[in-house]
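I have placed the structure first, in the form of structure tokens, so that the comments after it can refer back to it.
The values are calculated or read from the model by the stated rules, or taken from the named source; none is laboratory data. These numbers come from a predicted model, not from an experiment. For neighbour counting, all protein chains shown are included, and Cβ atoms are generated from backbone atoms with ideal geometry for every residue, glycine included.
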Amino acid sequence: MPTFVQILDFIGTFAFAISGIRLASAKRFDWFGAYVVGFVTAIGGGTIRDLLLDVTPGWMTDPIYLICTGLALLWVILFGKHLIHLNNTFFIFDSIGLALFTVVGVEKSILLGYPFWVAIIMGSITGAAGGVFRDVFINEIPLIFRKEIYAMACVVGGTVYFLCQLVGLDAYICQIVGGVSVFLARILAVKYKICLPILSGAGEEEEKR
């Protein structure tokens, strides 16, 4: 039987793959191109995390990630017209994937014996890096480089996970609370237009010249 973290990983893979394939379809990619974008979105962050943690990336040992991406592509092919009319579809699936992958990254780092600050960074990489690859592939400015709260939501979720662990909560409760924290931080930031300050300085002066 798969563990709770593995279930979160699979759901996150499906959600992130749909977000990537949905955007690829908006750019009129063919099926193979859309599959590649969805797959890279789903496994990009986890691959970077595993390489940094010196373990074999999960998709190289388990075909479930390839299968999940294929199912996501089939889902978009079958229900694509309905998804197009749902303007918030990409946002919801992306936020779900972000939350679940952050929790998976934090948990995996802790199980490997790394300190909490490394776990938070690895959780943020797991959650946000796939979206960076996705946006680069479809020729968009990555979300983490815009004003929107994106990677910072991962940091919030990772910190909440650590605080839950400090007070002695069970691991699966820490995972749920941490994931919900990421999701809510992302949703509330967009709803109320909360963003980080824009860095101003020499660049603006150069533009004025």
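The table below gives the values:
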read-out	value
Any pair with Cβ under 7 angstrom, 6 or more apart, that starts in the range 160-177 at a residue that is under 18 Å from G127 (Cβ atoms) and ends at one that is of a type in the set (K, R) and crowded, with 16+ Cβ neighbours inside 10 Å	none
Single residue of G44, G12 found to be at pLDDT 95 or above and under 12 Å from the mean Cα position of the chain (by Cα)	G44
